[in-house]
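The values are calculated or read from the model by the stated rules, or taken from the named source; none is laboratory data. Fair warning: this is a prediction, and the values are worked out from it, not measured in the lab. When we count neighbours, we look across all protein chains shown, and the Cβ atoms used for this are built from the backbone with ideal geometry, even at glycine. Protein only, heavy atoms only, side chains kept; ligands, DNA and RNA dropped before computing areas. Shrake-Rupley method; radii C 1.70, N 1.55, O 1.52, S 1.80 Å.
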Amino acid sequence: MSGQPSLIHTFNGIPFTTRSSTELLKSLDTFQAREDDVVLVSFPKSGTHWLAEIIKHLYASNVTLTSPIEFGELSKLEEMKNLPSRRIIPTHLSYGMLPRDLKAKKCKAIYIVRNPKDTAVSLYHYYRDNPNLPTIEAWPTYFNMFLHGEVVCGSWFDHVLGWEEHKNEGTILILYYESMKKNLPKSIRKISNFLGISITEQEINEVSRMSSFSEMKNNVDKENNDPNHTVCALTSNRKLIFRKGAVGDWKNHFTAKQNRLFDDVYESKMESSALARRIKYE
Ligand code: A3P
C-alpha cells in the first residue's frame, strides 16, 4: 500500500479512499437527518448493492437512493439537503462515525452482514480490479491485512461489533447475506415489515426475481449509464460488483493454516457476539 499513498488516507484510525475527503469526514456530524431517512449499512463486499436493489423495488422507485454519505467532498452535505424525501442512504461507516442526527432522529438502519471469510475474498478481488484501491500483493499478504483491519474501512470485526452493540434499540435490522441466498422472499418480507411497507406474496416474488444475481448482473450496462447510481463509496462502476455472488468461495482461497488462524482470531474477537454465533460456514 505504501507505494500509492494517494489512494488511501486514514481518518479516526480507519482507512478510507481519497473518494471520501477529509473535510467531508470531519463534517459528517453536521449532517441534518430527516425522520424518514433509511440507512443501508455494511462492511464493503457484504451485499450492499443487493440490499439497495431490493429496497428500491420495495418502494417502487419512489425514493431517492443517495450516494454513500461518506463519498465526495464537503459540498456533499449541502447536496444531500436538496434531495427529496424519502432518502435511502448507503454507508460503510462504523457506528461511531454515523452522523449524530441520524441517531438522534432514530432513523431506521438495515445492516447487512456476510460471513467474513467470503467478505475477505470478495474484497481481495475488489482490490485487484478496482482502480480506486491500491494494488495489493498476493493473497497471503492481503489475508493478513484483512485479519488486522488494515484494509479499507478497517476491521470487519470492529465494524460488526460496533453495530451489533446497538441492535436492541429498535431501529436496526440485521440481515445475513447467507440467509438471503437461502430464502430471499423471507428476507424481503422481513425488510418490508421493518420498513412498514405492505406487500403481497406475488409482489415479493417479483422483487426476488428482479433482485437476483443474474438479473442484476445482466442490467449492469443499463444502470451504469446512470451517474446517480453510486451505492458503494469505493466505486461508481457496477461492472466491478457482480463477480460470483456465491457462498463458500473462501474455500478456494484459504489454506488450512489460514483457516485455523482466522478461526482463532474470530473466536477471541467475537466471543461476546450473538451475531457471530449465527454465522455459519458452508
Ligand atoms: P462476490 O465478490 O463474492 O461475487 P457489495 O455490494 O457490498 O460491494 O458486495 C458485492 C458482493 O455481493 C459481490 O460478491 C457480489 O457478487 C455480491 N452480490 C451482488 N448482488 C448480488 C445478488 N443479487 N445476489 C447475491 N450476491 C450478490
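Taking the stretch 224-255, which residues are more than 8 Å from the ligand (Cβ to nearest atom), in contact with a helix residue (DSSP H, G or I) (Cβ under 6 Å, 6 or more places away or on another chain), of a type outside the set (Val, Ile, Thr) and not in a helix (DSSP H, G or I)?
Selection gives His229, His253.
Picking from Tyr142, Tyr176, which residue would you name as being surrounded by 14 or more Cβ atoms within 10 Å (Cβ to Cβ), without any contact (Cβ under 8 Å) to a residue 60 or more places away in the chain and touching a helix residue (DSSP H, G or I) at 6+ places or on another chain (Cβ under 7 Å)?
Every option except Tyr142 fails the conditions.
Considering only residues that are more than 24 Å from Glu178 (Cβ to Cβ), within 16 Å of the ligand (Cβ to nearest atom), open to solvent by 10 Å² or more (accessible area, probe 1.4 Å) and not in a strand (DSSP E or B), which ones fall in the stretch 43-74?
Across the stretch 43-74, the qualifying residues are Ser67, Phe71.
Report, by residue number, each residue of the stretch 256-279 that is in a loop (DSSP other than H, G, I, E, B) and under 14 Å from Leu147 (Cα atoms).
Once the filter is applied, which keeps residues that are in a loop (DSSP other than H, G, I, E, B) and under 14 Å from Leu147 (Cα atoms), the stretch 256-279 yields only Met270.
Between residues in the stretch 227-250 that are more than 22 Å from Phe16 (Cα to Cα) and residues that are assigned to a loop (DSSP other than H, G, I, E, B), which pairs lie under 6 Å by C-beta distance while being six or more apart or on different chains?
Filtered contacts from the stretch 227-250: Val247/Glu282; Gly248/Glu282.
Yes or no: Leu40 within 16 Å of the ligand (Cβ to nearest atom) and in contact with a His (Cβ under 9 Å, 6 or more places away or on another chain)?
Answer is no for this residue.
(1) away from the ligand (no atom under 16 Å from the Cβ); (2) part of a strand (DSSP E or B); (3) within 18 Å of the chain's Cα centre (by Cα): which one isn't true of His9, the others all being true?
In the conditions (1) away from the ligand (no atom under 16 Å from the Cβ); (2) part of a strand (DSSP E or B); (3) within 18 Å of the chain's Cα centre (by Cα), His9 misses (3) alone.
State whether one or more residues within the stretch 210-223 are within 11 Å of the ligand (Cβ to nearest atom), within 30 Å of Asn168 (Cβ to Cβ) and not charged (D, E, K, R).
Checked against the condition, which is being within 11 Å of the ligand (Cβ to nearest atom), within 30 Å of Asn168 (Cβ to Cβ) and not charged (D, E, K, R), the stretch 210-223 yields at least one hit.
So which pairs qualify, if the first residue must be in the stretch 25-46 and over 16 Å from Lys76 (Cα atoms), the second must be in a helix (DSSP H, G or I) and of a type in the set (S, T, N, Q), the Cβ gap must be under 8 Å, and the two must be at least 6 apart or on different chains?
Leu40/Thr48; Ser42/Thr48; Phe43/Thr119; Pro44/Thr119; Lys45/Thr119; Lys45/Ser122; Ser46/Thr119
What are the residues in the stretch 112-125 that are out of contact with any Ser or Thr (no Cβ under 7 Å at 6 or more places or on another chain) and either of a type outside the set (Gly, Ala, Ser) or open to solvent by less than 10 Å² (accessible area, probe 1.4 Å) (or both), if any?
Across the stretch 112-125, the qualifying residues are Asn115, Pro116, Lys117, Asp118, Ala120, Val121, Leu123, Tyr124, His125.
In the stretch 75-88, which residue that is open to solvent by less than 10 Å² (accessible area, probe 1.4 Å) and within 16 Å of Ala109 (Cβ to Cβ) is nearest to the ligand (Cβ to nearest atom)?
Ranking the candidates gives Ile88 first.
Would a scan of the stretch 4-19 turn up a residue that is under 30 Å from Glu215 (Cβ atoms) and either open to solvent by less than 30 Å² (accessible area, probe 1.4 Å) or modelled with pLDDT of 95 or more (or both)?
The answer is yes; a qualifying residue exists.
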